[in-house]
Amino acid sequence: MLTAENTQEWMNKFYLKIEQNKDYLSELDTPIGDGDHGNNMMRGVEGVKQGLAQLQDPDLKTVLKTIAMGLISKVGGASGPLYGTAFLEMAKKSSDTQDINQLIDVALAGIKKRGGATEGDKTMIDVWSPVAQNDTITQQVIDDAIASTKDMLARKGRASYLGERSIGHLDPGAVSSGYLFTALLETEGTL
Amino acid sequence: MLTAENTQEWMNKFYLKIEQNKDYLSELDTPIGDGDHGNNMMRGVEGVKQGLAQLQDPDLKTVLKTIAMGLISKVGGASGPLYGTAFLEMAKKSSDTQDINQLIDVALAGIKKRGGATEGDKTMIDVWSPVAQNDTITQQVIDDAIASTKDMLARKGRASYLGERSIGHLDPGAVSSGYLFTALLETEGTL
Amino acid sequence: MKSVKKIINEPQNAVPEMVDGLVRAYPQYLERIPGSEAMVRSDKDSMIGKVGIVSGGGSGHEPSHAGFVGKGMLSAAVAGQVFTSPTPDQIYAAIKAADHGKGVFLVIKNYSGDVMNFDMAKDMAELDDIKIKSIIVNDDIAVEDSLYTQGRRGVAGTVLMHKLVGAAADQGASLDEIEKLAKAALPHISTIAVALSAATVPEVGKPGFTLADDEIEYGVGIHSEPGYRREKIKSSKKLVSELLAKINQEQHLDPKHQYAVLINGMGATPLMEQYIFSHDLLDQLETQNIKPVFMKVGNYMTSIEMAGISLTVFELADSTWLKYLNYPVETIAW
Amino acid sequence: MKSVKKIINEPQNAVPEMVDGLVRAYPQYLERIPGSEAMVRSDKDSMIGKVGIVSGGGSGHEPSHAGFVGKGMLSAAVAGQVFTSPTPDQIYAAIKAADHGKGVFLVIKNYSGDVMNFDMAKDMAELDDIKIKSIIVNDDIAVEDSLYTQGRRGVAGTVLMHKLVGAAADQGASLDEIEKLAKAALPHISTIAVALSAATVPEVGKPGFTLADDEIEYGVGIHSEPGYRREKIKSSKKLVSELLAKINQEQHLDPKHQYAVLINGMGATPLMEQYIFSHDLLDQLETQNIKPVFMKVGNYMTSIEMAGISLTVFELADSTWLKYLNYPVETIAW
Ligand SMILES: Nc1ncnc2c1ncn2[C@@H]1O[C@H](COP(=O)(O)OP(=O)(O)O)[C@@H](O)[C@H]1O
Ligand SMILES: Nc1ncnc2c1ncn2[C@@H]1O[C@H](COP(=O)(O)OP(=O)(O)O)[C@@H](O)[C@H]1O
Ligand SMILES: [Mg+2]
Ligand SMILES: [Mg+2]
Ligand SMILES: [Mg+2]
Ligand SMILES: [Mg+2]
């Protein structure tokens, strides 16, 4: 169950993972993208950190909205509006429920609507969707989901220009989404 | 003594020397110039060849003027007007005399006037001037004159921007002028 | 410490410093929208009573997009991070500055990032009751247009789109008329590029791809996206043949029609080469009995310091389009 | 067979093909003078009753010089071989085309080749009773001005000279007045450059010099002439400090005066870097309480695909000069 507190902790953990893997994410984005996913996400988590630091005793909705705004206004590119929409949808839904599974469901729907992609297109959806479908999120689910993107042919985003040549590479947005969910796993009380 | 005939032969020989040493001349022009002297001179002798080919039974003055025009209109850069002026002055003077020494004198004066340089400035003048001063032109005179430019500090033309760093390199215009005079030596009846 | 050979300071400050240098060098054309990397026309009066035109995208395509802000062309432009779409809040700021009650028209290049960020900005602006319409430019014929991909990219032809809609807006066209114009023109604009070397994003510090000393790549995008074929460097004449064949496949050029041509340098390719390319292009068009009625040659939509060229052919199916192309503008770079 | 990675055909045809591509792409501005690589304004009427302005030099500096031919600027321009002064017959052809009875003013860059070839052309034109005056531009302060050298080179500041004399001519100034103007302005124009990489002349096929991956050279000329110091690449701020210090040594910039600034890309340097350089320049000028009243940033006097930038500062000692700089022109590249 998400709370204002554990959601902030979740974001701290996510920040650290992005910081640590910034270069790796950009490297993943080089053969099938434009090499900036690490930089983009780093700007995003910095924005989230700054936004959250300014809140005083916020409620969950405010936390989620602040995360969304940080991502939307700092990331740019394709991943910014997608991650941003995910958290914006969660913020909206958080008036009804704090259940993480239900929140991930609406986030995923938002990502699909915003980007027009679906499962199997070799995008972050291929991590969000398995995570949403499993009642209990495990590292195994996340890792398998990330790995599954390797053999896919990209149909959305920059990687789609490569056609067949996109096969054989992990999708960077799937990997960064993996960090998000691992960070969630590591945050006590969220699941 | 220059005649319409031997002057044309002289130019044929000059053509061949330039053709053979085009790359060498451009190489000489690289450390202390802009690397184009070989190309410039090649365009020039091509122009001269084409010009002379169109003449029918010309007199010496016409031959010299045609050479001048070929050089002036094809070489460009610094060497074009200088070589061109040299032959233009010879053409003018050829109404009075066909003596090669006297013709070289007026040519040298023209070069000096056109470019404002003098002996020791590390230019083609440092070959023209010793050749003009010696009553009999020999290969030794030419070779020594060319060699003398090596230790000079350039004061005119592009090489002058190098200051001290121009020392230790032969002057490309001196070398091409050397070919001109060697070609003259090899042309029977001119001296 | 510096790993990239560029005239920059800290790589992460490249965009804000660039925007600052741009607006201070050209105050007669541009003003920075406070707190953003978006720029608006400083001659505000020229926008009154007219539809606003907003464009933008990642930085690194200079003079696009701010170089085309001015009377007769764009009202505002947004500069994202290098090769990264700007964020919705910045686009929203540009929309607000460009709106003078007649609505705002967005010119968007077909990259997933641009499309999504502009879309979110549009949502934000509509909450303020600003009327918004847009066109997604997808002129890059190197890419198969398929439902199963992102679709064709928006590249140099976008500049012609700016010119068209900007001229129409300046002449008082309504938002609907501008949308109609943009939609009608779009399918007639085709672009195809060839790269001789790749660009280096300052923050990344190494080129987006590498080509051997004698290799070129046809069909690259404006962010080092891969093209359709790599081969040995060819003469200008042969490059023209290859690119023109692609254009012909798409447009079936016909002497009965009128064409505008944009030859666009990708950044590091000297104008000398662009003019030689023009010479060969015009020769080869002549064998098809085609003589463009409008031409531009230069750096309009660049890819930082990529070497290469793109060829855009725009069939002027409507006679007003040529008038729009020739309509006078006051910008830095048109 | 091709050794250079350029969009060209046979290297020796680069210039004629370039000229052909240029005049065919821009017939509204330029006409080729038959049998030459010289170009004249196609709008002949705009020259009637006015002094003609002719400039030119080696090719490889595009958009100089033909890009500045047009009403309000040059009447004709001559394109020599790459980095090689044009020949007198070509310059003479340009002079004849530019002459409309009021005489012709020549703008010559101080390179021995240019000076001598323009001189011979002047002699030829004077035989036709065409009145000729000229200015030898020598704005490059990297070179010691000494009787014992060729003297300072003519570089990017030449473009500002074109603008001044072109505007004056268009407003009906006489040949003598134009000469006076040019002579008065000349000592107030100072330029200094920094190179990040060298240019390759097509026919030569290798760069004019080589710089290590992290090396730059201050004070280079526009044909890869050597500069005054080589060192490791610095931040834009530090490059500005170095170049501005040289300008200050020469001009002793003073807040009581008005200045125009030209930031000129040498060919391969993206506009992004030029704008960042502008930002740092304006910051540093501000600490001297100086704010330029006129600025231009872009590729105006290039050196083929050399990477680098030059900074020109022009003290507007006479109030009419700013008016001349702002006077409207109809050219490809101003
Ligand atoms: N239409 C889309 N739907 C879902 N995810 C997408 C879409 N387009 C791109 N992505 C995701 O975005 C990631 C790339 O993000 P990033 O590199 O930050 O942006 P950009 O592609 O603009 O440089 C991809 O790896 C992919 O996971
Ligand atoms: N003022 C001058 N007087 C005499 N010779 C000169 C002068 N300036 C240059 N030269 C000669 O011209 C040569 C260079 O010619 P070239 O390379 O063809 O022209 P450019 O320097 O214009 O490229 C020099 O080596 C020198 O001999
Ligand atoms: Mg990316
Ligand atoms: Mg030379
Ligand atoms: Mg990106
Ligand atoms: Mg030369």
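No value in this document is a laboratory result; all are computed from the given coordinates. Quick caveat, the model's predicted, so the values are computed rather than measured. For neighbour counting, all protein chains shown are included, and Cβ atoms are generated from backbone atoms with ideal geometry for every residue, glycine included.
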So for each of C:308-314, C:130-136 I average, over its residues, the number of other beta carbons within 10 Å; can you give me the resulting order with the highest mean first? C:308-314, C:130-136
Packing-based ranking, highest mean first, of D:316-322, C:252-258, A:141-147, D:6-12 given that Cβ atoms within 10 Å are counted: D:6-12, A:141-147, D:316-322, C:252-258
Just to be sure I understand: with springs between alpha-carbon atoms less than 10 Å apart, which residue in C:182, C:121, C:212 has the highest mean-square fluctuation in the Gaussian network model of chain C? C:212
Averaged over peptide D:80-93, how many Cβ atoms belonging to another chain are found within 10 Å of each residue's Cβ? 5
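What net charge do the residues around residue D:277 carry, taking every other residue with its C-beta under 10 Å from that of residue D:277, with Lys and Arg at +1 and Asp and Glu at -1?
Spelling it out: positives minus negatives among the neighbours equals -2.
Please go through the stretch B:129-190 and write out the GluC sites (Glu not before Pro) that DSSP classes as loop and that have at most 13 other C-beta atoms within 10 Å.
Hits after loop and neighbour filter: B:188.
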Zero-based 20 Å bins, Cα pair distances in the protein assembly as shown, whole percents: 13, 40, 31, 13, 3, 0
Alpha-carbon Rg/Rh ratio, for the stretch A:4-190, with Rh computed the Kirkwood way: 0.94
Unit charges on C-beta of K, R, D, E only; dipole of the protein assembly as shown, Debye: 1580
Which of B:126, D:123 has the fewest Cβ neighbours within 10 Å, and the rest in rising order: D:123, B:126
Averaged over its residues, how many other protein chain Cβ atoms are within 10 Å of peptide B:154-165's Cβ atoms? 6
Under 18 Å between alpha carbons, and skipping anything fewer than 8 positions from residue A:13 in its own chain: which aspartates and glutamates qualify? A:5, A:23, A:46, A:143, A:186, A:188
Hits among lysines - C-alpha to C-alpha of residue C:44 under 17 Å, sequence gap 8 or more where chains match: C:71, C:96, C:102
What percent antiparallel are the DSSP beta bridges of the protein assembly as shown, to the nearest 5? 55
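Taking a threshold of 24 Å on the Cα-Cα distance, which of the pairs C:122/C:163; B:22/D:232; D:131/D:180; C:256/C:296 fall above it?
Pairs exceeding the cut-off: B:22/D:232.
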Would you work out the relative contact order for the stretch D:12-187, in percent, from Cα pairs under 8 angstrom that are 6 or more residues apart? 21
Among DSSP bridges having both ends in chain D, what percentage is antiparallel? Round to the nearest 5. 55
Please compute the contact order of the stretch B:25-173 in relative form: average sequence separation of alpha-carbon pairs under 8 Å and at least six residues apart, divided by the residue count, as a percent. 21
Any lysines whose Cα falls less than 16 Å from that of residue D:238, other than same-chain ones fewer than 8 residues away, would be C:2, C:5, C:6, D:246
Would you mind computing Rg(Cα) / (2.2 N^0.38 Å) for the stretch D:188-326, counting N as its residues? 1.06
Output the antiparallel fraction of DSSP beta bridges having both residues in the stretch D:1-94, as a percent to the nearest 5. 50
Shortest first and in nm to one decimal, what separations exist between residue C:27 and its copies in the other chains, measuring from label points 7 Å along the Cα-to-beta-carbon line? 4.4
Dipole of the stretch C:12-187, positive end: most advanced residue of C:46, C:82, C:175 [Cβ charges, Cα centre]: C:46
When only alpha-carbon atoms count, how far does chain C stretch along each of its three principal axes, as whole angstroms with the largest first? 58, 53, 40
To make sure I understand, if each residue's beta carbon is the centre and we count other beta carbons within 10 Å, what order do D:170, D:213 fall in, fewest to most? D:213, D:170
Grab the other residues whose beta carbon is less than 9 angstrom from that of residue C:108, score K and R as +1, D and E as -1, and report the net. -1
Burial ordering of B:10, A:128, fewest other beta-carbon atoms within 10 Å first: B:10, A:128
For a quick check, take a GNM of chain C with Cα springs below 10 Å and name the residue from C:272, C:301, C:39 with the largest mean-square fluctuation. C:272
In terms of the Cα gyration tensor, with a ≥ b ≥ c the square roots of its eigenvalues, is the stretch D:1-154 rounded because a/c is under 1.5, prolate because a/b exceeds b/c, or oblate? oblate
Residue mean of other protein chain beta carbons inside 10 Å, A:35-43: 5
Which whole-number percentage describes the relative contact order of chain C, with Cα contacts under 8 Å and a sequence gap of 6 or more? 18
